[in-house]
Amino acid sequence: MSFVFLLVIGTAATALAQEKPVLTSGPLRHGETLLSGSLKKGASGIEVRIKTESATEIVTPARAELNSALSTFRINLAEPLKQGQKVQRRQFVDGNWSDWSDETDVQSTPDLEIPVLTNTPLEEGDQILLGSATPGATGIEVEVAGTRAGLAAVKLDAAKNKFQVQLADPLKKGQPVRVRQVRGATVSEWSAPIQVVKAECTNDCRGHFEATFHVGTVMDTFAGSEVQKFVNPDASGGIQWRGTAGADFEYRIWGQRQGKKTPRFTNSMWIYGESEYGARSAQFDCAKNPDFQNCQSVPSPRASGNEFFFIVRNAATLEGFAGLRWEFWTLKPNAKTASANLYLKTQAGFLTVSLPSTPSGIALPTSSPGNFIQMHHVGIGGVITNGYFQDTYFELGHGRTDLFRPNSRDRWKVDSHLTFPVTRGINFYIQLLVDADLGNGSDSVQTYFGFDFNLRNIRGWFQGKDKK
């Protein structure tokens, strides 16, 4: 090896004791070729000397870079370092060479350990793998389902002994994934396989379009007399109830299902609608239809299809609602269960009857068949967007209900709706509706309960309950 000056301006002079270059590239390992560190400001040259048991030589680098602005250097050696060598540096400043730095021993290369993936579980659709690596590793290989995977990018962090791999293709459910690390021609053992699982929904797990039909009961016992006489005039005293059936839909106009990370500002707009048919209690013949929910002490969805069409065909009342709901703020973002969105909404609705009122009916011109009772309001509330109680909501509103006189346009409304699955595709619900004027006028409290059937999962109606 020959004596070389690197980036030196002027002629060599007698070495003077000056500040020495500092090595920052960590412990020197067998096989490494890169040296990096810091220099004294104004340094214009650097030399590297390698000592062995038999000789001491100033080496010729393959490449040397000095950054005067940052006072740093990078040297790529022409030959890799070997265990047992000792490395020294010196710098050229103001026409003089500094003393040689203290000797830095070249250490043996540690064995390549099996890398460990740290971003587990791996979920369907993932393309990023994170893990720990052995110092000195120069690459990572990935095997997916027994085949070497294509890599879009590999990033090794030598300081933290970590790696990040971006796969060319997203992972699929059920695929086994293994990784190993590489240094030159040396490779580690493969890691234990990790199975790719179905992505677990967080934040908002609702689809962009949801549609259900429902069958249930509404208890009018605590409703105001105006309600009772209008919707169920044939009932006499005691517990007053009606059978109900209808369909619901909601569509996300804008906004996206949130992934693993979501901001608190949600900004999604929904349009929704609901129909509610009601059959009066006197219309049910439970001797002929003992399986109907409205004929059971403890309701079950066994004959809900037949009961749905019975109620729609024999409906005495019809309610319809439609509105817009703007969800703007997320509570408990990134939670796997019970994330909730706060919302503002505006809703228009009506109530009408198909059967003539009895003589005991209310004496309002709007109560005759074919006339519509107006029921509108604006409200604020919160809806749970994932977990066991997904679609449960609570709402407070103010608006109009023409069924009540006076104060028909100054009504406060509370809508509390609890729902949870009883089998795949079928949810039980219980809902409390309060319509009050907060004064001396008539108030109404109605309780709805029954079963929702998700039209996106018809097969699930006949299967068991999902495990939680």
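The values are calculated or read from the model by the stated rules, or taken from the named source; none is laboratory data. Remember, it's a predicted structure, so these values are computed and weren't measured experimentally. Neighbour counts are summed over all protein chains in view; Cβ atoms, including those assigned to glycine, are modelled from backbone coordinates with ideal geometry.
Is it the case that Q181 is farther than 28 Å from S36 by Cα and not assigned by TED's automatic domain parsing to the domain that holds S36?
In short, no.
Condition first: in contact with a Lys or Arg (Cβ under 6 Å, 6 or more places away or on another chain) and either in a strand (DSSP E or B) or over 30 Å from V383 (Cα atoms) (or both). Can you find one or more residues in the range 330-342 that meet it?
Yes, the range 330-342 contains at least one residue that is in contact with a Lys or Arg (Cβ under 6 Å, 6 or more places away or on another chain) and either in a strand (DSSP E or B) or over 30 Å from V383 (Cα atoms) (or both).
Among the residues of the range 55-74, are any closer than 27 Å to G184 by Cβ, surrounded by 16 or more Cβ atoms within 10 Å (Cβ to Cβ) and among the hydroxyl-bearing types (S, T, Y)?
Among the residues of the range 55-74, at least one is closer than 27 Å to G184 by Cβ, surrounded by 16 or more Cβ atoms within 10 Å (Cβ to Cβ) and among the hydroxyl-bearing types (S, T, Y), which makes the answer yes.
Could you tell me whether the range 371-386 includes any residue that is surrounded by fewer than 16 Cβ atoms within 10 Å (Cβ to Cβ) and modelled with pLDDT under 90?
yes
Restricting the range 275-315 to residues that are of a type in the set (S, T, N, Q) and within 41 Å of the chain's Cα centre (by Cα), which is nearest to I458 (Cα to Cα)?
S304
Can you tell me which residue in the range 156-204 is farthest from the chain's Cα centre (by Cα), limited to those that are closer than 30 Å to F249 by Cβ and surrounded by fewer than 18 Cβ atoms within 10 Å (Cβ to Cβ)?
K173
Just checking, does the range 401-412 include any residue being among the aromatic types (F, W, Y), over 24 Å from G207 (Cβ atoms), in the same structural domain as T266 (by TED's automatic domain parsing) and at pLDDT 95 or above?
Yes, some residue in the range 401-412 is among the aromatic types (F, W, Y), over 24 Å from G207 (Cβ atoms), in the same structural domain as T266 (by TED's automatic domain parsing) and at pLDDT 95 or above.
Would you confirm whether any residue within the range 288-298 is in contact with a Pro (Cβ under 8 Å, 6 or more places away or on another chain), in contact (Cβ under 8 Å) with a residue 12 or more places away in the chain and surrounded by 14 or more Cβ atoms within 10 Å (Cβ to Cβ)?
Checked the range 288-298: at least one residue is in contact with a Pro (Cβ under 8 Å, 6 or more places away or on another chain), in contact (Cβ under 8 Å) with a residue 12 or more places away in the chain and surrounded by 14 or more Cβ atoms within 10 Å (Cβ to Cβ).
When you scan the range 326-348, do you find a residue that is at pLDDT 90 or above and within 19 Å of G450 (Cβ to Cβ), even just one?
Scanning the range 326-348, I find no residue that is at pLDDT 90 or above and within 19 Å of G450 (Cβ to Cβ), so the answer is no.
Please verify whether Q166 is out of contact with any Asp or Glu (no Cβ under 6 Å at 6 or more places or on another chain) and farther than 26 Å from L35 by Cβ, treating the condition exactly as stated.
So Q166 passes the test.
Is there a residue being surrounded by fewer than 18 Cβ atoms within 10 Å (Cβ to Cβ), in contact (Cβ under 8 Å) with a residue 24 or more places away in the chain and out of contact with any helix residue (DSSP H, G or I) (no Cβ under 9 Å at 6 or more places or on another chain) anywhere in the range 278-285?
Checking the range 278-285: at least one residue is surrounded by fewer than 18 Cβ atoms within 10 Å (Cβ to Cβ), in contact (Cβ under 8 Å) with a residue 24 or more places away in the chain and out of contact with any helix residue (DSSP H, G or I) (no Cβ under 9 Å at 6 or more places or on another chain).
Inspect all residues belonging to the range 397-407 and state whether any of them is under 21 Å from T330 (Cβ atoms) and of a type in the set (D, E).
no
Could you tell me whether T358 is at pLDDT below 95 and β-branched (V, I, T)?
Spelling it out, T358 is indeed at pLDDT below 95 and β-branched (V, I, T).
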